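These notes are about the structure you will find just below.
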Amino acid sequence: MAIIKSNARFYLPLHFFSPFFKLNFNPYAFSSSYSTLEDDDLDKNESLTLTVDLPPAETLIFEKFHALIKDHHRKNPNLTFPNLNVTLPTLSFDFSKISTVESISTPIVRRVIQKFASIRHGIPFVQTLAFFNWAMSRNDFVHSPEPYNDMIDLAGKVRQFDVAWHLIDIMKSNNIEIPIETFSILVRRYVRAGLAAEAVHAFNRMEDYGCKPDRNAFSIVISILCKKRRAAEAESFFDSFRNKFEPDVILYTSLVHGWCRAGNFAEAERVFREMKEIRIRPNVYTYSIVIDALCRCGQINRAHDVFAEMIDVGIKPNSITFNNLMRVHVKAGRTEKVLQVYNQMHKLSCTPDTITFNFLIESHCRDENREEAIKVLNSMVKNSCTPNAYSFNPIFRCILTSRDVNGAHRLFARMKELNVKPNAVTYNILMRMFADSKSADMVIKLKREMDESEVELNVNSYRILISLYCGMGHWNNAYKFFREMMEEKCLKPSQPVYEMVLQQLRKAGQIKKHEELVEKMVDRGFVTRPL
């Protein structure tokens, strides 16, 4: 791979592009996040956690802005912006009516941006940018880096990188501090979009904006590239700055991780050897990564050899290490092996975490042993280990298979008792169960609870709702949910669901609504106009 060095800058050729994959930002998050074994019912894309809490009075103001933006986007789903300083006169007028009564604080602005950044489909980007521009133009608004970072992150999420750079330019021209976090956000979004060269270019431009790249920024770029399977680019970038930033165990661990994720274990082993040769001692995370990679490629015996070496050199394995050994057996349905790893973990006095217990629950549920799975869940709670939705969903699947409606009610009540928030998969399993029993009231109750809890409905959620009402011959409800799915959530319906609704409309003699639905599907590019 050709690289060009000039003035301590590093460049990647622009052909190093790739599709985007799931990215965790924690430098050691390679396997500490739950590697779910759930089906495609769960959208595995990122979901931003709202970081801004508001007092009740400001929450009401936020909700007014949120409703205005959402309603404008619903009426104008395909809106494009004419320039980077976009404003929408009708929206600005409505925003101003709120601001004449209430003051607009930084937390309110941030909450609005973060709220729309947290959804997966139908992000009203133009309207949110217009709101941001309107808020920033107010004389009484106190400028700080945080709302700009939120907007840069959203721009990167929807691949509007010109907007992101424009916002950074505004920060510079207005003498707003540009912290390393701003460029970390931009780098992360570039890499997630498969634009590794642009990510490195952003790092190289930091000093142009008065933001001196330090060791932390360097480590972040390496870590992000590695988590995106861009190991070759990460190592070349690493080599180009080796003399400026002294290598340490964190950087080498990231590189080992990168080569493992890229599927090139020979290179991972080379880096692993190299770090030991220059007397950088691998830590528990380094060994855990190597063990995970060996397990994933089916080399279980070699993984156990590395595990033994780890013990011999005096490094105590942690729950991540054991979870990596356990995962391959869970996926293969080898419950006995899963329990052997768990027993070994117990012998070495390693405390199991949520992922460990979830793997045990998953294994028992694959064996249709609901009773043992519930025992593990109870043990988990007894050991002060907090369960999550992934702890409950495999048990709900067992209940769905056995059509035990009362069991579903009991488990759902237990989930609420433990303050565990259900996710879309949880609700979809329950809705599917009640839809099968034609209990429309319960399905609607669950759907309403999803809306109130801000759990985003996905394509499968709507398929269950629409199929239920089509099966009952209730064309009006099927039509209502189909339009909500398409217009409000901006989800593309599957062809069978689309044809199912059209058939119901024809049977009911609703020809006008039939034609309107076809028109809306064509306008959104979901189908071609029938000849």
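The values are calculated or read from the model by the stated rules, or taken from the named source; none is laboratory data. Quick caveat: nothing in here was measured; it's all calculated off a predicted structure. Cβ coordinates were reconstructed from backbone atoms using ideal geometry, including for glycine residues, and neighbour counts include every protein chain displayed. Just the protein is used for accessible areas: all its heavy atoms, side chains included, with ligands, DNA and RNA removed. Shrake-Rupley method; radii C 1.70, N 1.55, O 1.52, S 1.80 Å.
Extending 7 Å from Cα along the Cβ direction at Ser439 and again at Lys75 yields two label points whose distance is 4.1 nm. Taking Lys and Arg as +1 and Asp and Glu as -1, the other residues whose beta-carbon sits under 11 Å from that of Asp292 total +3. Shown are Cys226, Cys297, whose ranking by accessible area with a 1.4 Å probe and every protein chain present, most to least, is Cys297, Cys226.
Taking only protein heavy atoms and a 1.4 Å probe, the accessible area of region 286-419 is 47% carbon and sulfur. Here is the size of region 262-413 from its Cα atoms: Rg then Dmax, 17.8, 62 Å.
Do any of Lys75/Lys492; Lys157/Lys492; Lys115/Lys480 go past 22 Å between their Cα atoms, and which? From the list (Lys75/Lys492; Lys157/Lys492; Lys115/Lys480), the Cα-Cα distance tops 22 Å for Lys115/Lys480.
Counting only protein heavy atoms and a 1.4 Å probe, region 441-531 has 52 square angstrom of accessible area per residue. Listed by chain and number, the lysines whose alpha-carbon sits under 17 Å from that of Lys337, ignoring those within fewer than 8 places in the same chain, are Lys347. Taking the Cα centre of region 291-357 as reference, the dipole from Cβ charges on Lys and Arg (+1) and Asp and Glu (-1) amounts to some 220 debye. Taking 8 Å as the Cα distance limit and 6 or more residues as the minimum spacing, I'd like the relative contact order of region 295-418 as a percentage. Rounded, it is 18 percent for region 295-418.
Relative protection proxy for 442-451, 389-398, from highest mean packing down: 389-398, 442-451 (other beta-carbon atoms within 10 angstrom). Only the Cβ atoms of Lys and Arg (+1) and of Asp and Glu (-1) were treated as charged; on that basis the dipole of region 80-181 about its Cα centre amounts to roughly 300 debye. Taking the Cα centre of the chain as reference, the dipole from Cβ charges on Lys and Arg (+1) and Asp and Glu (-1) amounts to some 820 debye. Here's the picture: charge each Lys and Arg Cβ at +1 and each Asp and Glu Cβ at -1 in region 201-320, and of Pro282, Ala231, Met310 the one pushed furthest to the positive end of that dipole is Ala231. Region 54-117 and region 449-482 have Cα centres separated by 28 Å.
Other residues whose C-beta falls under 13 angstrom from the C-beta of Lys276 contribute a net charge of 0, scoring Lys and Arg +1 and Asp and Glu -1. In region 50-166, Cα pairs under 8 Å separated by at least six residues give a relative contact order of 32 percent. May I ask for the net charge around Arg448, where only other residues with Cβ less than 13 Å from the Cβ of Arg448 are counted and Lys, Arg are +1 while Asp, Glu are -1? With Lys, Arg at +1 and Asp, Glu at -1, the neighbours total -4.
Largest first and in whole Å, the equivalent-ellipsoid semi-axes of region 213-341 read 28, 15, 12, each the square root of five times a Cα gyration tensor eigenvalue.
The figure for Val405 is an accessible area of roughly 50 square angstrom, using a 1.4 Å probe on the protein chains alone. Gyration tensor analysis over the Cα atoms of region 78-183 returns equivalent ellipsoid semi-axes of 19, 18, 13 Å (largest first, whole Å).
Each of Lys115, Lys316, Lys489 has its accessible area taken with a 1.4 Å probe; listed largest first, they run Lys316, Lys489, Lys115.
Each residue of region 211-277 gets 72 Å³ once the volume of the Cα convex hull is shared out per residue. Solvent-accessible area of region 51-194 (1.4 angstrom probe, protein heavy atoms only): carbon and sulfur portion equals 51 percent. Extending 7 Å from the Cα toward the beta-carbon at both Ala67 and Glu102 defines two label points whose distance is 1.0 nm. Once C-alpha pairs closer than 8 Å and six or more residues apart are averaged by separation and normalised to the residue number of the chain, the relative contact order reads 11 percent. Estimated at the nearest 10 Å², the accessible area of Arg273 is 130 Å² with a 1.4 Å probe. All alpha carbon pair distances within the chain were sorted into 10 Å bins beginning at 0; the resulting P(r) in whole percents reads 3, 15, 21, 24, 22, 11, 2, 0. You can think of it this way: the chain between His346 and Arg410 has 20.0 nm of extra reach, that is 0.36 nm per residue less the Cα-Cα gap. A 1.4 Å probe, protein heavy atoms only, puts the accessible area of Phe62 near 10 Å².
Karplus-derived 3J(HN,Hα) values for region 237-254, using 6.51 cos²θ - 1.76 cosθ + 1.60 with θ = phi - 60°, are 5, 4, 5, 5, 10, 4, 6, 8, 10, 5, x, 9, 5, 5, 5, 5, 5, 4 Hz; glycine and proline are entered as x. Kirkwood-type hydrodynamic radius, region 348-460: 14.6 Å, calculated from all non-identical alpha-carbon pairs.
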